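Structure, as structure tokens:
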Amino acid sequence: MRLIVTGASGFIGRNVLVRAPRDWQILATYNEASDFPAFLEQQRLMNVLPIRCDLTNQGQVAALCGTAGKVDGALYLAANGDPAASTRDPFRDLRLNAEAMLTFLEYCPVPHLVYLSSGAVYDGLAGTVTPESALHPHLPYAISKLAAESYVRYYAEKRRTPASYVNVRFFGAYGPYEPLRKITTRFLTAIRRGDRQFTLRGDGRNLIDFMYVDDAVDALFRLLAAPRDTRLTLDLASGNPTSVADIVRAMAAALDHEIEIACDGATEEYIEFRSGDRTLADRFGFVPRIGFDDGFRRLAAFVAEHQSAAVRG
């Protein structure tokens, strides 16, 4: 397979590259992560060609397309990685999520596209949601992600490029190379410092539904191999949403560590919904296989060994 991976220097991207078959030829875009070429060299990923590209720059995206030549598809991971930051700078969020996608679609046509959207598009809803749910998001990040999905559908239907696509409403993952801001790495950092208290933004009751990153990457690989007449929007979720306070309790139990939980302020992304979509299981045979306790212990071991391996975002 010859594949473009955008946003390859991020959390999900690095895990995709490490787990991808070595006979795949991957053109991996990055922009600000200056350590990315060294990461590829360290991991001995000789099948990956790093290409610095600002996806909002039409000339650079056109040049990417020229370098790529004929490809089998693209895995589009590039995004503003911090939903909360979208409220502080919605213009930047719009550029990184929607304008970048539009530029890629216009100047780098591919036959098959897997777009990593977000479960955040269900912002404002409660209870069970599916891709058929009516959407009225208020969070700028959710608005821009939904707009990018719509551009993918437009280009497929009107331009026939991509000829096939999957919009993946991703509920999140944890694991190696995750950003320092994520709750799992923040907790491990607090434990390492010897903190007696761990503070959550908000009331601790909002839901989090994430899976170990290996499972998430395996799901994306299945979607990259989807039949070339696929035009689909689906959810990628563990199906086991848990309150953030209960996640902290589970992390403490997994490490046999006692810590007090405190709550402060409010969170911009307050989740009260859960996915009821079974498309990945029924159509693609995918179900997450790594439980939280196992996955968190794997992350803890990785962080202990590679304390500077988190990525920005």
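No value in this document is a laboratory result; all are computed from the given coordinates. Remember, it's a predicted structure, so these values are computed and weren't measured experimentally. Using ideal geometry, Cβ is built from the backbone for each residue, glycine included, and neighbour counts are taken over all protein chains shown.
Relative protection proxy for 105-116, 248-259, from highest mean packing down: 105-116, 248-259 (other beta-carbon atoms within 10 angstrom). Set the Cα radius of gyration of the chain against 2.2 N^0.38 Å, with N its number of residues, and you get 0.97.
The orientation-averaged projected area of the convex hull spanned by the Cα atoms of the stretch 67-157 comes to 6.6 nm².
Between Asn97, Asn57, Asn167, which gets the highest mean-square fluctuation from a Gaussian network model of the chain, Cα cutoff 10 Å? Looking only at Asn97, Asn57, Asn167, the largest GNM fluctuation is found for Asn57.
By residue number, which cysteines of the chain lack any other Cys whose Cβ falls under 4.7 Å from their Cβ? Cysteines lacking a close Cβ partner in the chain: Cys53, Cys263.
If I model the stretch 98-245 as equal point scatterers sitting on the Cα atoms and use the Debye formula, what is log10 I(q)/I(0) at q = 0.15, 0.20 Å⁻¹? With no solvent term, the Cα-only Debye profile gives -0.87, -1.32.
Among 277-283, 130-136, sorting by the average number of other beta carbon atoms lying within 10 angstrom of each residue, highest first, gives 277-283, 130-136.
Run through the stretch 60-146 and list the trypsin sites (Lys or Arg not before Pro) located in a DSSP loop whose Cβ has at most 16 other Cβ atoms within 10 Å.
Numbers: sites: Lys70, Arg88, Arg92, Arg95, Lys145; in loops: Lys70.
Listed in order of number, the matching sites are Lys70.
Sorted by average packing, counted as other Cβ atoms within 10 angstrom per residue and highest first, what order do 6-16, 23-33 take? All intermediate terms of the calculation are to be shown ahead of the outcome.
Working: 6-16: 25.5, 23-33: 19.2.
Highest to lowest by the protection proxy: 6-16, 23-33.
Considering all projection directions equally, how large on average is the shadow of the alpha-carbon convex hull of the stretch 247-308, in square nanometres? Numbers along the way, then the final one.
Details: hull surface 28.2 nm².
With the hull built on Cα positions only, its mean projection is 7.1 nm².
Along each principal axis, taking the top coordinate minus the bottom one, the Cα set of the stretch 72-111 gives 37, 16, 7 Å in descending order.
The amide H of Ala78, built 1.01 Å from its N in the peptide plane, has Thr6, Gly7 as neighbours under 5 Å, considering only residues 5 or more places off or on other chains.
Using square roots of five times the C-alpha gyration tensor eigenvalues, list the equivalent-ellipsoid semi-axes of the stretch 198-313 in whole Å, biggest first.
Working: eigenvalues 170, 72, 35 Å².
Equivalent ellipsoid of the stretch 198-313: 29, 19, 13 Å, largest first.
Only beta bridges with both residues in the chain are counted; by DSSP, about 5 percent of them are antiparallel.
Bridgeable aspartates and glutamates around Lys145 (alpha carbons under 13 Å apart, same-chain partners fewer than 8 residues away excluded): Asp82, Asp93, Glu99, Asp123.
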